[in-house]
Amino acid sequence: MLFDDVILGRRSIRGYKPDPVPRALIEEIIGLAIRAPSSMNTQPWNFYVITGEPLNKIRAGNTERMVAGVPQSREFRTGQAFAGQHRDRQVGVAKQLFSAMGIARDDKDMRQDWVLRGFRQFDAPVCIIVTYDRVLDGSDDTPFDCGAVATALVNAAWSRGLGAVINSQGIMQSPVVREHAGIADDQVIMKSIALGWPDETFPANAVVSERKSVEEATVFVGFDG
């Protein structure tokens with residue numbers, strides 16, 4: 001695929017076919033992703049790629065604890081709740097997704113089921129947990145670098161016909177993730193990425209989230225005209 005086709009065509013995939021993803025293909029995708037830039041070439045990232053029974057145990061543990069009201073234990077700081085235009089965009093994409101899925105505003109059961117899909121890694125056949133080296137904890141550059149590699153990874157996946165969605169629900173219960181993924185103590189869990197073959201019949205997969213225009217996002221300084 002041409003670069004422009006990947007960037008303009010990629011979208012977050014929240015519904016997957018159950019078909020397995022070959023390990024060799026995942027290795028190829030990660031090999032492309034790790035060409036992402038990092039501060040002074042520190043390359044703080046690591047990946048735990050999970051499928052099969054370990055992933056099923058993570059799904060079950062996540063959902064059971066969340067339904068039981070166990071407080072989330074996300075390791076990377078969550079920050080403040082979105083407000084203003086950022087909250088508006090968050091609500092906007094939720095409305096797009098709920099509309100596509102036919103989820104009514106007052107349908108609590110359907111809304112709850114949608115939330116739990118996130119804790120189940122959207123039922124994708126593969127989950128990639130992005131971690132970073134604990135010795136770098138507190139560095140402002142490290143999360144920036146991990147964001148770059150995550151973006152590169154989902155774009156590389158798309159270029160190979162795979163879908164992905166970067167999410168936080170899948171790592172909200174970090175003890176579950178650590179246990180079943182065997183994540184080393186010297187790693188901080190940052191993000192999860194659901195990965196697999198897109199189910200084109202899943203309505204939410206057709207949603208293309210809105211973007212700010214270049215004019216809205218950009219300030220040009222020192223240019224003529």
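The values are calculated or read from the model by the stated rules, or taken from the named source; none is laboratory data. This one's a predicted model, so the numbers in the text were calculated from it and none came from an experiment. In this analysis, Cβ positions are derived from the backbone assuming ideal geometry, glycine residues included, and neighbour counts consider all displayed protein chains. SASA here: full protein model, heavy atoms, side chains in, ligands and nucleic acids out. Shrake-Rupley method; radii C 1.70, N 1.55, O 1.52, S 1.80 Å.
For Met101, the criteria (1) open to solvent by less than 70 Å² (accessible area, probe 1.4 Å); (2) within 19 Å of the chain's Cα centre (by Cα) hold in every case but one, which is (2). Summed over the range 189-225, the residues that are over 30 Å from Gly161 (Cα atoms) and either open to solvent by 70 Å² or more (accessible area, probe 1.4 Å) or part of a strand (DSSP E or B) (or both) give a count of 9. Looking only at the range 151-178, filter to residues that are of a type outside the set (Lys, Arg) and without any contact (Cβ under 8 Å) to a residue 60 or more places away in the chain; which one of those is least open to solvent (accessible area, probe 1.4 Å)? The extreme case among them is Asn167. Taken as a whole, the condition of being surrounded by 16 or more Cβ atoms within 10 Å (Cβ to Cβ), within 20 Å of Arg23 (Cβ to Cβ), hydroxyl-bearing (Ser, Thr, Tyr) and modelled with pLDDT of 95 or more applies to Thr131. The set of residues in the range 66-98 being open to solvent by 50 Å² or more (accessible area, probe 1.4 Å), over 30 Å from Phe144 (Cα atoms) and touching a helix residue (DSSP H, G or I) at 6+ places or on another chain (Cβ under 9 Å) consists of Val67 alone. Any residue in the range 17-26 that is part of a loop (DSSP other than H, G, I, E, B), within 19 Å of Gly170 (Cα to Cα) and out of contact with any Pro (no Cβ under 7 Å at 6 or more places or on another chain)? Taking every residue of the range 17-26 in turn, at least one turns out to be part of a loop (DSSP other than H, G, I, E, B), within 19 Å of Gly170 (Cα to Cα) and out of contact with any Pro (no Cβ under 7 Å at 6 or more places or on another chain). Only one of the numbered conditions (1) touching a residue at least 24 places away in the same chain (Cβ under 8 Å); (2) at negative phi is not met by Phe82, and that is (1). The numbered conditions (1) under 24 Å from Glu200 (Cβ atoms); (2) open to solvent by less than 40 Å² (accessible area, probe 1.4 Å); (3) not acidic (Asp, Glu) are all true for Ile58 except (1).
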